[in-house]
1. Would you calculate the separation in nanometres between label points at ARG82 and SER3, each defined as 7 Å from the Cα along the Cα-to-beta-carbon direction?
2. Take the alpha-carbon positions of region 202-274, form their convex hull, and give its projected area averaged over all directions (one quarter of the hull surface) in nm².
3. Over all distinct Cα pairs, what is the inverse of the mean 1/r for region 169-238, reported as the Kirkwood hydrodynamic radius in Å?
4. At a temperature of 10 °C and a viscosity of 1.306 mPa s, determine how fast the chain diffuses translationally according to Stokes-Einstein, using the Kirkwood radius over alpha-carbon pairs as Rh; express D in µm²/s, rounded to the nearest whole number.
5. In terms of modelled amide H atoms, which long-range or inter-chain residues lie less than 5 Å from the amide H of ARG74?
6. Just the Kirkwood number for region 98-168, please: inverse of mean 1/r across all distinct Cα pairs, in Å, one decimal.
7. In whole angstrom, note down how far apart the Cα centers of region 1-44 and region 196-249 are.
8. Just want the ordering: TRP262, TRP121, from fewest to most Cβ atoms lying within 10 Å of their own Cβ.
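Quick note: the coordinates plus some simple rules give every number you see, no bench work behind them. Only a predicted model underlies this, so the values are computations on that prediction, with no experimental measurement involved. Here the Cβ positions follow ideal geometry from the backbone for every residue, glycine too, while neighbour counts run over all protein chains shown.
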Amino acid sequence: MTSAEPLPDAPLLRADAVDVVRDGRYLLRDVSLTVEAGQHWALLGANGAGKSTLLALLGAVSHPTHGEVHVLGRRLGRVDIRALRTHLGHVNPRHPLRSPLPVRTVVLTGLTNSIEPEPRWRPTAEQSAHAEHLLDTMGMAHRADDPWTTLSQGERGRALIARALMPQPRLLLLDEPATGLDLTARELLLGSLDLLRGRHPGLATVLVTHHLEELPETTTHALLLREGGCVAAGPVEEVVTTELISACFGHPISITRHDGRWTARAARTAPAEL
């Protein structure tokens, strides 16, 4: 096994002609993707399109059946993926914590990659200041002392993003972070992501969703998946179009963009004759 230390001059992520086959069925087929520092990618597609399967490869959670995946410059299959994952910020919306830990403490556990605080571990003054900075960026400074169990789903999501950023990763992976949020909570989350990206220009992100309304304004690139295959990939203004989104979802969909945000509406169709 080679070192799991990131290579500073390599793309943060690179997938080359990747296939994932399970029980004889292709979950991904011939998918390629390159993510550079400062880029903010959206993985879009219907349920079952392969988005979470691709994110698992990019997050060094699983290996491809065919093709190559390089994470932070290290090729999967030639590196200890557990060690490699410590250099990634991966937000798990199903964080298993059940204890009433203060939110500030939950954020600090991102440094130890543990659910509960490690015995006898204490953060440095610099680490504590970094946690406060991230809580402020994510709009959670006012809840820093509150028990985790009192947070709403949206507040937990923003706190978990702060937690994932504690080790100062170069790459943040988000799997449907706005799922289940009401309108206000979703807008607070997306606004926090935009602010985060502005304050940390070298950070790259990959966000999985099947709702265009859940894309932050700062999204720079998109990859469209349909039945495990890539429909299109590239700069967001070239990919998130009426034609390509319709092809991705297999239905005529009209796309509009206003003030940097997208909306999608299914095209009107004539009612079937009785």
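1. Result: 2.1 nm between the two label points.
2. Mean orientational projected area (region 202-274, Cα hull): 6.2 nm².
3. 13.1 Å
4. 81 µm²/s
5. LEU7
6. 11.8 Å
7. That distance is 15 Å.
8. The order, fewest Cβ neighbours first, is TRP121, TRP262.
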